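Colleague: Just dropping this structure here.
No lab work stands behind these numbers, since they all come straight from the coordinates. Everything quoted here is computed from the prediction, not taken from an experiment. Virtual Cβ from ideal backbone geometry, glycine too; neighbours counted across all protein chains shown.
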Amino acid sequence: MNKNAEIPETLMVDPIYHLAASLLHDAIAGFNSGGSFDEAIVIQTRDKEVDAAHKKLAKKLTRRMEADPEHVKDYLNLQFIIRFIERIGDHAKNIAQDTIYTESAVDIRHGGDLPESD
């Protein structure tokens with residue numbers, strides 16, 4: 001497949017992957033079970049953790065590209081992978097927002113105010 005040896009930074013993807021995967025799992029489970037309003041709010045907050053992890057890792061990979069130009073293509077591929085993983089977190093947040101809408105008929109997307117929890 002790839003002629004080059006695996007770069008060690010590949011292992012840095014695991015933490016953001018696990019954050020996003022658990023976030024998506026919880027968002028879908030909450031939506032399917034008519035999840036609690038509070039759980040949906042927590043998912044919104046957890047998405048910010050995924051965003052922060054993405055931003056931090058993207059900066060590290062950019063620095064590695066500058067320091068190791070021979071592997072720029074590999075680092076660029078990792079940049080795309082972590083961006084797509086970050087989008088998984090965004091989709092989970094959207095599912096949580098849909099859960100809130102389903103439970104309260106209040107649309108909190110685009111800066112809408114959160115309704116009071118029960």
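Colleague: If neighbour count is taken as other Cβ atoms inside 10 Å, put GLU49, GLU66 in order from fewest to most.
Modeller: GLU66, GLU49
Colleague: Identify all lysines with a Cα-Cα distance to LYS73 below 17 Å; exclude those on the same chain that are fewer than 8 residues away in sequence.
Modeller: LYS3, LYS59, LYS60
Colleague: Find, among the trypsin sites (Lys or Arg not before Pro) in region 1-78, those assigned to loop by DSSP (not H, G, I, E, B) with at most 16 other beta-carbon atoms within 10 angstrom. Provide the component values of the computation, followed by the final result.
Modeller: Values: sites: LYS3, ARG46, LYS48, LYS55, LYS56, LYS59, LYS60, ARG63, ARG64, LYS73; in loops: LYS3.
Counting only loop positions with at most 16 other Cβ atoms within 10 Å, the trypsin sites (Lys or Arg not before Pro) in region 1-78 are LYS3.
Colleague: Quick one: Karplus J couplings for region 66-72, per residue in order, coefficients 6.51, -1.76, 1.60, θ = phi - 60°, nearest Hz, x for Gly and Pro?
Modeller: Each residue of region 66-72 in turn: 5, 7, 9, x, 5, 10, 4 Hz.
Colleague: Among PHE80, PHE31, rank each residue by its count of other Cβ atoms within 10 Å, from fewest to most, as a rough exposure measure.
Modeller: Going from sparsest to densest Cβ surroundings: PHE80, PHE31.
Colleague: Please rank LEU11, LEU57, fewest neighbouring Cβ atoms within 10 Å first, as an exposure proxy.
Modeller: Ascending Cβ contact count within 10 Å gives the list LEU11, LEU57.
Colleague: Over all directions, the average projected area of the alpha-carbon convex hull for region 8-105 comes to how many nm²?
Modeller: Result: 5.8 nm².
Colleague: Here's another thing I want to ask about it. Could you go through region 76-93 in sequence order and give the Karplus-derived ³J(HN,Hα) for each residue, using 6.51 cos²θ - 1.76 cosθ + 1.60 with θ = phi - 60°, rounded to whole Hz, and x for Gly and Pro?
Modeller: Values per residue, Gly and Pro as x: 5, 4, 5, 4, 5, 4, 5, 5, 5, 5, 4, 5, 4, x, 5, 5, 4, 4 Hz.
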